Amino acid sequence: MFDDKDTLTRKFEELIKERKYRKAHQFLSNLDKKEEKFLQNYNKRKKEGVYYTNYDLSKFIVEEAILLYINNKLKLFLKDLNQIIDLNYSIKQKLQKSLKKLTICDRRLKSGQISL
């Protein structure tokens, strides 16, 4: 039997609060595997348009979209989100203000990773 979304969220949040990051990552990986297995066995998949986007691909898509947004909005030339650490304080403030206003929406959204 599968746990409901709220139970899974609480479990994940507990791991983060306890700073058990490796276990939190493993927890998400296990969810990915369960979802992928479920969808492989879901016989109405094609008819209902139920498809899975794995974590690594979802992470790549979201990071690249945010990077593109940041570079365009603030006229920067970052190649990686990790470079934000090296920005000066005033640019970080502008970035924070801009990101607070940002909404990300996947128009094909069902219940996949990108929504997280």
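One table, with the values for the structure above:
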item: Some residue of region 90-105 being loosely packed, with under 10 Cβ neighbours inside 10 Å and within 16 Å of the chain's Cα centre (by Cα); result: yes
item: Listing of helices (runs of 4 or more DSSP H) fully contained in region 1-88 that carry 1 or more residues being modelled with pLDDT of 75 or more, of a type in the set (A, V, I, L, M) and not assigned by TED's automatic domain parsing to the domain that holds LEU99; result: 5-17, 21-40
item: Scan of region 10-42 for residues that are among the acidic types (Asp, Glu) and without any contact (Cβ under 8 Å) to a residue 60 or more places away in the chain, ordered by number; result: GLU13, GLU14, GLU18, GLU35, GLU36
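The values are calculated or read from the model by the stated rules, or taken from the named source; none is laboratory data. Just so it is clear, the model here is predicted, and its values are computed rather than measured. FYI the Cβ positions are ideal-geometry reconstructions off the backbone, even for glycines, and counts take in every protein chain you see.
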